[in-house]
Amino acid sequence: MSPVACGRSRPLKSSSKQIGLARFFGALKYVLIAATIILYAQIRMEIDAVRDNSSGQLFYHARLEEAAKLQMEFQNFLLDADRYTNGQGNVTRNDVLLSFDLVWSRVSVLASAEDYEIVRMLEGIGPLFSTIETVLHELDPLVQHLQTEDLATLNAIKIKTEKLREPLKKLSAAAYARRLKEATDQSNTNRQIAGKLDNLQTVIAVAFLLSFIFIFAEMLATRRANRTLQQHEEHIRTLAYTDPLTGLANRRALQEHLSSALGGADGACVQLILIDLDNFKDVNDVHGHPAGDSLIQDVAARLSDVFADSGFVSRMGGDEFAVILNADRPTTTAYADKLLSTLRQPVFINGAEFIPTASIGIAQSIPNAQMSQETLLRHADIALYESKRAGRDCYCLFEDGQLRQYLYRRTIEDDLPAAIDLDELEVHYQPQYGLKTGEVHGVEALVRWHHRSLGNIPALDIVSSAEQTGMIDALGNFVLARACRDMVTLIASSPDLRLAVNVSALQVNHKNFMQNVVDILRNTGFPANRLTLEITESVMMSELPLVAKNVSALTDFGVAFAIDDFGSAYSNMGTLTHVPFRYLKIDKAFVHDLIGSEQNAAIIKGIVSLADNLKMTLICEGVESNAQALALRNIGVPVAQGYLFARPMPLLQFVLLLGGKRNSDAEHAGAGAVA
């Protein structure tokens with residue numbers, strides 16, 4: 001199963017490029033729009049200029065028209081004067097005066113400041129215009145006195161007007177020539193403006209086309225950027241809800257899926273399976289983290305295969321996995337059995353063989369009942385805890401009574417470190433008696449703890465919690481040191497008294513175990529040859545690498561070893577011949593059923609014979625009645641301990657016992673047992 005890629009992803013870079021491209025096209029779009037607006041403004045300016053120029057040209061042409069028509073108006077005046085004088089037609093004196101006024105008005109208009117400038121622009125006309133004005137002033141009185149048949153005045157008028165014939169002709173010709181030239185220039189100018197406007201229209205059309213293209217390109221780039229961003233968001237979500245090492249769902253995804261499953265409307269039963277690999281830390285410590293990662297990936301693949309059709313598989317972190325099932329309890333346990341069997345198949349990593357095992361805790365929701373995911377997770381965790389305590393490589397189902405036991409054990413585990421540091425633990429002592437002599441042969445040190453809220457805690461619970469939390473070395477050193485300190489003086493005054501202390505398999509397998517024992521003996525002054533360390537036979541059969549080495553080294557140092565609870569497991573007789581044990585302690589189960597059981601009596605006899613032949617001292621524990629003590633003595637058991645003789649007691653009470661001041665009831669019981 002390939003890991004999920006981490007770090008900066010390609011979708012993010014691609015989306016950045018797409019966004020940049022969209023912004024580029026957007027900027028070009030706005031540039032083109034701005035350019036189009038500017039071009040449009042320029043076109044408006046050109047149109048306004050043309051309009052203004054056209055207005056000026058119309059005025060200019062109108063004045064040239066006035067100048068051009070002056071000769072014609074003057075000819076009309078002479079014709080009207082001639083007809084009026086000769087009595088021809090219907091021309092009246094008023095018509096003559098009106099014609100003269102028209103000529104005079106036209107000259108007056110042309111003589112105005114603005115129009116005069118226009119007339120002066122006509123080539124060679126400036127001096128002639130002055131002559132025209134002078135002659136008109138001379139004609140004015142003649143015209144006013146003109147009467148019918150007044151040929152003399154008419155001739156005088158004609159003589160005066162001869163002076164105007166040539167200037168008016170030139171003025172008219174110059175005006176028409178100027179009009180023709182201006183018309184030609186205006187036509188050329190209009191053609192230039194029209195060409196410019198055509199070019200501007202083409203540019204605007206191109207700009208509009210490019211704007212449309214860029215808008216489309218921007219939309220396309222934006223759409224691609226959005227699609228890429230969406231893919232990137234999906235990639236981020238995948239990273240957020242996926243374990244990078246295995247590709248499975250992670251804790252967050254599990255929590256959301258579990259919350260959804262518990263909140264379903266169908267009220268189905270939800271099974272939560274928690275899986276924790278056994279001794280995974282040893283794989284990392286011995287073979288390195290790359291090997292551990294490879295093993296995690298292999299286990300993840302096996303989980304996916306087992307629950308491929310029905311389960312939601314996730315990795316909680318480290319070596320912990322979780323599976324959510326919508327199934328009943330029998331189906332779930334069948335899956336658990338299949339998973340345990342699948343995990344036990346060997347896996348080879350870098351040439352090394354691994355056989356993974358796991359502890360499994362299973363909890364189920366209550367159908368049609370409100371249950372939070374925190375509660376279900378806690379129940380599954382409690383069941384997982386129980387499977388570890390049961391020996392690992394198994395599964396455990398959560399039951400209602402487990403919560404109380406779980407809280408009890410967790411309280412012990414949480415408070416034990418402080419109890420060791422604050423010296424809250426006590427060591428009690430249970431004497432061992434010689435069944436023939438009735439004398440105290442030795443004493444076994446047993447740890448006790450009176451918890452502030454739980455009360456008296458059994459030694460087995462203390463030791464088990466210490467092993468679970470990694471505090472077993474600290475606890476073992478505490479008990480051994482306290483017992484050696486307490487007994488060092490008593491040992492000196494009791495030559496036959498021996499001190500027995502139980503040690504855990506985890507202690508014996510520790511690389512510093514031997515040195516810890518030697519340091520305690522030296523610091524307390526307790527003689528090594530008066531100390532017996534009791535270990536169970538299962539420790540010797542466990543094949544832990546340092547057990548045999550530490551036992552042999554401490555034996556050479558003078559410390560004796562005893563096999564505790566002999567017969568409670570599959571006894572390995574080879575161990576008795578290869579390891580120099582000096583004491584053999586029979587499990588109390590044989591003593592409990594000794595009376596009335598010939599089989600148990602025969603077994604004990606066989607063990608007595610075995611111990612004698614191996615030159616080992618036999619000790620029988622759990623003796624609670626005189627009948628048991630008498631039967632054991634008759635079989636040949638030399639030493640015994642149990643409630644018949646004395647319960648574990650504080651140091652002061654044991655000192656009094658050795659001093660002969662013990663309770664009389666206990667003394668009579670011991671005497672009766674050995675009578």
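What does the C-alpha gyration tensor say about the overall shape of the range 398-456? Classify as rounded when a/c is under 1.5, otherwise prolate if a/b is larger than b/c, or oblate.
Details: a/c = 4.38, a/b = 1.99, b/c = 2.20.
Oblate is the answer for the range 398-456, as a/c is 1.5 or above yet b/c matches or exceeds a/b.
You can think of it this way: the chain between residue 378 and residue 493 has 35.9 nm of extra reach, that is 0.36 nm per residue less the Cα-Cα gap.
Quick one: if the Förster radius is 22 Å, what FRET efficiency do residue 184 and residue 45 give, using the C-beta to C-beta distance and rounding to 0.05? Result of the calculation: an efficiency of 0.35. Using 0.36 nm per residue and subtracting the Cα-Cα separation, the extra length available between residue 344 and residue 86 on full extension is 77.9 nm. R0 = 60 Å: FRET efficiency of residue 79 with residue 33, Cβ-based, nearest 0.05? For residue 79 and residue 33, the calculated efficiency is 0.35. Excluding same-chain neighbours fewer than eight residues apart, the aspartates and glutamates reachable from residue 163 by a Cα-Cα span under 13 Å are 133, 138. Rounded, prolate or oblate: which fits the range 292-359, taking a ≥ b ≥ c as square roots of the Cα gyration tensor eigenvalues, rounded meaning a/c under 1.5, else prolate when a/b beats b/c? It is prolate, given that a/c is not under 1.5 and a/b is the larger ratio. Summarising the label geometry, the points placed 7 Å from Cα in the beta-carbon direction at residue 414 and residue 370 lie 2.6 nm from one another. Only protein heavy atoms count here; under a 1.4 Å probe, residue 181 has an accessible surface of about 100 Å². The label-point distance for residue 145 and residue 599, in a model that sets each label 7 Å from Cα toward Cβ, rounds to 18.2 nm. Here residue 461 sits with roughly 40 square angstrom of accessible surface, probe radius 1.4 Å.
Under unit Cβ charges (Lys, Arg +1; Asp, Glu -1), what dipole magnitude, rounded to 20 debye, does the range 371-506 have relative to its Cα centre? The partial results should precede the final answer.
On the way: 13 positive and 20 negative charges, 50 e Å.
Roughly 240 debye for the range 371-506.
Work out, step by step, the length gained on full extension between residue 400 and residue 626: first 0.36 nm times the residue separation, then minus their alpha carbon distance; give nm to one decimal.
77.2 nm
Seen from residue 594, the other residues with C-beta closer than 13 Å to its C-beta sum to a net charge of -2, counting Lys and Arg as +1 and Asp and Glu as -1. First measure r as the distance between the Cβ atoms of residue 523 and residue 328, then evaluate 1/(1 + (r/R0)^6) with R0 = 60 Å and state the FRET efficiency to the nearest 0.05. Efficiency, from the Cβ-Cβ distance: 0.50. Checked against a 30 Å cut-off, the cross-linked pairs 158/181; 281/615; 69/160 give Cα-Cα distances beyond that limit for 158/181; 281/615.
For the range 371-424, chymotrypsin sites (Phe, Trp or Tyr not before Pro) are listed when DSSP marks them as loop and at most 12 other Cβ atoms sit within 10 Å of their Cβ; the list is empty. What is the distance in Å between the Cα centroid of the range 277-307 and that of the range 589-635? Centre-to-centre distance over Cα atoms comes out at 48 Å.
The values are calculated or read from the model by the stated rules, or taken from the named source; none is laboratory data. The structure displayed is predicted, hence computed values, not measured ones. All Cβ positions, glycine included, derive from the backbone under ideal geometry; neighbour counts span all protein chains shown. Each accessible area value is taken on the protein alone, full model and side chains, heavy atoms only, with ligands, DNA and RNA left out. Shrake-Rupley method; radii C 1.70, N 1.55, O 1.52, S 1.80 Å.
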